[in-house]
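**Student:** What follows is a single structure, and I will ask about it in a moment.
The values are calculated or read from the model by the stated rules, or taken from the named source; none is laboratory data. The shown structure was predicted, so the numbers you read here are calculated from the model rather than taken from an experiment. Here the Cβ is made from the backbone with ideal geometry for all residues, glycine too, and neighbour counts use every protein chain on show.
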Amino acid sequence: MKTVTIDPITRLEGHGKISIFLNDHGDVENAYLQIPELRGFERFCQGRRAEDMPQITSRICGVCPVAHHFAATKALDDAFHVKPPSAASKLRELMYCGYFIYDHILHFYFLGGPDFVVGPDAPAGERNILGVIQKAGLDVGKEVIKHRAYGQKITAILGGKATHPVCGLPGGVSKGLAKDEVQEIKDMTKSCVDFAKFSLKLFDDVVLKNKNYVGMIKSDPYNLETYNMGLVDAHNKVNFYDGLIRVTDQKAEEFLKFPGKDYTKHVSEHVEPWSYMKFPYLKKIGWHGLKDGKDSGVYRVGPLGRLNAAEGMATPLADKEYKRLYETLGGRPVNSTLAYHWARLIELLYATERATELVNDPDITSKNIRNPVGEPGEGVGVVEAARGTLIHHYKLDKNGLVEKANLIVATTNNAGAITMSVRDAAKGMIKKGEVNSGILNKVEMAFRAYDPCFACATHALPGGMPLEVNIYDKNKKICKTIKNV
Amino acid sequence: MRTIILGVGNPILGDDGVGLKVARELKRRVKNPDVDIDEAATGGINLMDQIIGYDKAILIDTITNKDVLPGEIRRLSIDDFSSFHSFNPHDISLPEACKLARQLGETRVPRDITVFGISLERMPCEFGEELSDEISKTVPKTVDMIMSELDEDKKDLVEDDD
């Protein structure tokens, strides 16, 4: 048997590793995704001042600092028994929309989109943003860069700093919005709405009008019938910043709805011997292994999970697109993993519309942006990170120091589903011991749809995640190694 | 010539934060109005946003490579990296970001992007704010290397003017 090994130059330890086990017939029996896990965060937090948590936790992850910042801030609201003034909540949510705008644009155009716009079988060197621009034109490239920067700018104006915000305080925010800043944000959100509409049109033209792509979206290896989870408002519409956690079943019926602070009653974490990653599941159903269906407690979060767990979007244009997605793909819920990309663009449109509403609200320039805090206690904060439900839970002592901290990050919530999607994609590409050469990208596409972020703070000179696929024969011996470097 | 020096790293991930400590020390020592010094806990496209508009960028970062002993400091050009990786799948690489910007008509990408890579045995995966003893020793060395590089740049500039 031949072994192909190519070493990456740097960051060797950053490998995502996929192990594929074949059975006697040379077909896939199992596949596991292993990722490096950071350890010791809970201990690291112990004894720290509670009000430092929004800053510290925003450092965990170079990808979603804003999500961690506000999950932490909301956990502190709860722990200090304080409700922020309405203007503070709106400022936080407006900033949150800015984060969704830049994060979703980055994912679609830089990471997920190239598979569609350039093509899933195109050489790896072309499947990137440069390939997208070559295909869609330089002007589109400029618009992408401009609007991603607008999202960043909105976040920076409100957060004090572009990437690691410093504005969230228990009971409110530290910084209000000046009149000239309001005008600047208004101009940007107006342009962002148009850009989101354009992006959906592009998705229409490039993906939905291509029969092969639609076929791929609907194909078996990219389908999972799990439960779905996301935050919803009082009308069961998607909300990123606040609301109740809603879980729907395989028929899109409500299965659970609960406030964030009750998460330990409904969600438990399963440990597998081969992974540091924990696998959350619905307690009411239980853990029955890595399988989908109504008898398995596995659920999905993130753009498609959120849309499935809700009954619509709270803004008019996005709601129209929401309906169109379900009409096109056969009603709620949609279980195609690749539909995450479409759902993401609908959320982009929602974020731009919602930001427009918020910045036009007269309350947004109010000076009343912080309420006094009460005695320290225990608190849970839940937000929707761009990639799914994010939970922070702290227990404070009487001096306001952290005694215990527990975090369930979005990608952990998706751990079971991602592992299954990787396995199913691998199954489709390996038959009777024959490994299709396109396996790496097809497997990558399966997990890229979730936009996973491995709760990891390593920054530095990033590129795509180095990925190594090891294929084991029936005797558990490595028979092939493929790397994307 | 306007230069930006960026310490890149995560302040709460042990040795990964070494670049930030080097930047802080340089900030104390460098008194040159044409040199800006900052910290970045990010990468790829956000990192590019921070270096745009300068003639030269000096990044201080950690590297892992089995051919470089832990604690060694390598001066590299951005072109020396045939691949840039991190744990973070939600971004593009800095060379890609620069290429993209140039292709879109951005003329302010620094001509010279130099990386001082401090070699770690492996990427830290345990949270903490302190550097290990071994990596602490690289801080003054890296600072000296960058101080001499700035001196050289200054000399070159004077010669150019002649």
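**Student:** Would you please list the contacts, defined by Cβ atoms under 7 Å and residues six or more apart or on different chains, that run from a residue in the range A:270-299 that is among the aromatic types (F, W, Y) to a residue that is in a loop (DSSP other than H, G, I, E, B)?
**Tutor:** A:Y276/A:E37; A:F279/A:E272; A:Y281/A:W287; A:Y281/A:G297; A:Y281/A:V298; A:W287/A:G297; A:Y299/A:T226
**Student:** Do we have any residue at all in the range A:54-70 that's within 17 Å of A:R370 (Cβ to Cβ), touching a strand residue (DSSP E or B) at 6+ places or on another chain (Cβ under 8 Å) and surrounded by fewer than 22 Cβ atoms within 10 Å (Cβ to Cβ)?
**Tutor:** no
**Student:** Let me ask another. Surrounded by 16 or more Cβ atoms within 10 Å (Cβ to Cβ), under 24 Å from B:L120 (Cα atoms) and in contact (Cβ under 8 Å) with a residue 24 or more places away in the chain: is that true of B:V68 in this structure?
**Tutor:** yes
**Student:** Now for a different question. What about A:K179, is it more than 14 Å from chain B (Cβ to nearest Cβ) and either touching a residue at least 60 places away in the same chain (Cβ under 8 Å) or on the phi > 0 side of the Ramachandran plot (or both)? Break it down into steps so the answer makes sense when it comes.
**Tutor:** Numbers: more than 14 Å from chain B (Cβ to nearest Cβ): yes; either touching a residue at least 60 places away in the same chain (Cβ under 8 Å) or on the phi > 0 side of the Ramachandran plot (or both): yes.
So A:K179 passes the test.
**Student:** Name the one entry in A:K476, A:K483 that is within 14 Å of chain B (Cβ to nearest Cβ) and modelled with pLDDT under 80.
**Tutor:** A:K483
**Student:** Does A:V140 count as β-branched (V, I, T) and within 14 Å of chain B (Cβ to nearest Cβ)?
**Tutor:** yes
**Student:** Moving on. Mind listing just one residue for me: the one in the range A:136-156 that is aliphatic (A, V, I, L, M) and more than 14 Å from B:E106 (Cβ to Cβ) and, of those, surrounded by the most Cβ atoms within 10 Å (Cβ to Cβ)?
**Tutor:** The extreme case among them is A:I154.
**Student:** Quick one: in the range A:289-328, which of the residues that are part of a helix (DSSP H, G or I) and among the hydrophobic types (A, V, I, L, M, F, W, C) is nearest to the chain's Cα centre (by Cα)?
**Tutor:** Residues of the range A:289-328 part of a helix (DSSP H, G or I): A:303-309, A:316-328.
Retained after the next criterion (residues that are among the hydrophobic types (A, V, I, L, M, F, W, C)): A:304, A:307, A:309, A:317-318, A:325.
On the way: A:L304: 10, A:L307: 13, A:A309: 15, A:L317: 22, A:A318: 19, A:L325: 19 Å.
Result: A:L304.
**Student:** Quick one: in the range B:27-73, which of the residues that are of a type in the set (S, T, Y) and touching a Lys or Arg at 6+ places or on another chain (Cβ under 8 Å) is nearest to the other protein chains (Cβ to nearest Cβ)?
**Tutor:** Looking at the filtered set, the residue picked out is B:T64.
Each row is one residue, and each column tells you yes or no for (1) within 30 Å of A:E143 (Cα to Cα); (2) more than 10 Å from chain A (Cβ to nearest Cβ); (3) surrounded by 16 or more Cβ atoms within 10 Å (Cβ to Cβ); (4) of a type outside the set (V, I, T).
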position	(1), (2), (3), (4)
B:C98	yes, yes, yes, yes
B:A101	yes, no, yes, yes
B:R108	yes, yes, no, yes
B:T114	yes, yes, yes, no
B:G128	no, no, yes, yes
B:D133	no, yes, no, yes
B:S136	no, yes, no, yes
B:L150	no, yes, yes, yes
B:K155	no, yes, no, yes
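**Student:** Which residue out of B:I12, B:I4 is more than 11 Å from every other protein chain (Cβ to nearest Cβ), aliphatic (A, V, I, L, M) and on the phi < 0 side of the Ramachandran plot?
**Tutor:** The conditions single out B:I4.
**Student:** Another question, if that's okay. Find the residue count for the range A:272-299, including only residues that are closer than 22 Å to A:F41 by Cα, out of contact with any Lys or Arg (no Cβ under 9 Å at 6 or more places or on another chain) and surrounded by fewer than 14 Cβ atoms within 10 Å (Cβ to Cβ).
**Tutor:** Qualifying residue count for the region: 2.
Residues are listed down the side, and each one gets a yes or a no for (1) part of a strand (DSSP E or B); (2) in the same structural domain as A:I285 (by TED's automatic domain parsing); (3) under 21 Å from the mean Cα position of the chain (by Cα):
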{"site": "A:K175", "(1), (2), (3)": "no, no, no"}
{"site": "A:V182", "(1), (2), (3)": "no, no, no"}
{"site": "A:D187", "(1), (2), (3)": "no, no, no"}
{"site": "A:C192", "(1), (2), (3)": "no, no, yes"}
{"site": "A:F198", "(1), (2), (3)": "no, no, no"}
{"site": "A:V207", "(1), (2), (3)": "no, no, no"}
{"site": "A:N228", "(1), (2), (3)": "yes, yes, yes"}
{"site": "A:A234", "(1), (2), (3)": "no, yes, no"}
{"site": "A:R246", "(1), (2), (3)": "yes, yes, yes"}
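**Student:** Turning to a different aspect of this structure: Name, by its number, the condition in (1) within 12 Å of chain B (Cβ to nearest Cβ); (2) in contact (Cβ under 8 Å) with a residue 40 or more places away in the chain that does not hold for A:S86.
**Tutor:** So A:S86 meets the others, but not (1).
**Student:** Here is a further query. Which one of these does A:Y227 not meet: (1) among the aromatic types (F, W, Y); (2) touching a Lys or Arg at 6+ places or on another chain (Cβ under 9 Å); (3) within 22 Å of A:I105 (Cβ to Cβ)?
**Tutor:** The single condition A:Y227 does not satisfy is (3).
**Student:** State whether one or more residues within the range B:77-97 are in contact with a strand residue (DSSP E or B) (Cβ under 7 Å, 6 or more places away or on another chain), at pLDDT 90 or above and outside any loop (DSSP other than H, G, I, E, B).
**Tutor:** Checking the range B:77-97: not a single residue is in contact with a strand residue (DSSP E or B) (Cβ under 7 Å, 6 or more places away or on another chain), at pLDDT 90 or above and outside any loop (DSSP other than H, G, I, E, B).
**Student:** Let me ask something else. Run down A:I101, A:I145 and say which single residue is within 11 Å of chain B (Cβ to nearest Cβ), touching a Leu at 6+ places or on another chain (Cβ under 7 Å), of a type in the set (A, V, I, L, M, F, W, C) and assigned to a helix (DSSP H, G or I).
**Tutor:** Within the list A:I101, A:I145, the selection yields A:I145.
**Student:** Might you check whether a residue that is within 12 Å of another protein chain (Cβ to nearest Cβ), at pLDDT 80 or above and buried (at least 17 other Cβ atoms within 10 Å of the Cβ) occurs anywhere in the range A:33-42?
**Tutor:** Yes, there is a match, as at least one residue in the range A:33-42 is within 12 Å of another protein chain (Cβ to nearest Cβ), at pLDDT 80 or above and buried (at least 17 other Cβ atoms within 10 Å of the Cβ).
**Student:** Only one residue in A:V402, A:V422 is within 19 Å of the chain's Cα centre (by Cα) and at pLDDT 75 or above. Which one?
**Tutor:** A:V422
**Student:** Is there a residue in the range A:105-127 that is away from every other protein chain (no Cβ under 14 Å) and in a helix (DSSP H, G or I)?
**Tutor:** Within the range A:105-127, one or more residues are away from every other protein chain (no Cβ under 14 Å) and in a helix (DSSP H, G or I).
**Student:** Now for a different question. In the range A:248-271, which residues are surrounded by 14 or more Cβ atoms within 10 Å (Cβ to Cβ), closer than 17 Å to A:D295 by Cβ and among the charged types (D, E, K, R)?
**Tutor:** Matches in the range A:248-271: A:D249 only.
**Student:** Being more than 28 Å from A:G98 (Cβ to Cβ) and among the aromatic types (F, W, Y) is the requirement here; does A:F240 meet it?
**Tutor:** On the way: more than 28 Å from A:G98 (Cβ to Cβ): no; among the aromatic types (F, W, Y): yes.
So A:F240 does not fit the description; no.
**Student:** While we're on this one: Identify, by number, the condition in (1) within 20 Å of A:D363 (Cβ to Cβ); (2) of a type outside the set (A, V, I, L, M); (3) free of Cβ contacts under 8 Å to residues at least 40 places away in the same chain that A:S174 doesn't meet.
**Tutor:** The single condition A:S174 does not satisfy is (3).
**Student:** What number of residues within the range A:129-176 satisfy the criterion of being among the hydrophobic types (A, V, I, L, M, F, W, C) and over 28 Å from A:D77 (Cβ atoms)?
**Tutor:** 10
**Student:** Can you pull out every residue in the range A:148-169 that is hydroxyl-bearing (S, T, Y) and either at pLDDT 85 or above or assigned to a helix (DSSP H, G or I) (or both)?
**Tutor:** The answer is A:Y150, A:T155.
**Student:** Just to be sure before I move on: is B:V68 of a type in the set (A, V, I, L, M), over 27 Å from A:R43 (Cα atoms) and at pLDDT 85 or above in the structure I sent?
**Tutor:** So B:V68 does not fit the description; no.
**Student:** So which residues in the range B:116-126 are buried (at least 21 other Cβ atoms within 10 Å of the Cβ) and at the interface with another protein chain (Cβ under 7 Å from one of its Cβ atoms)?
**Tutor:** The answer is B:M123, and nothing else.
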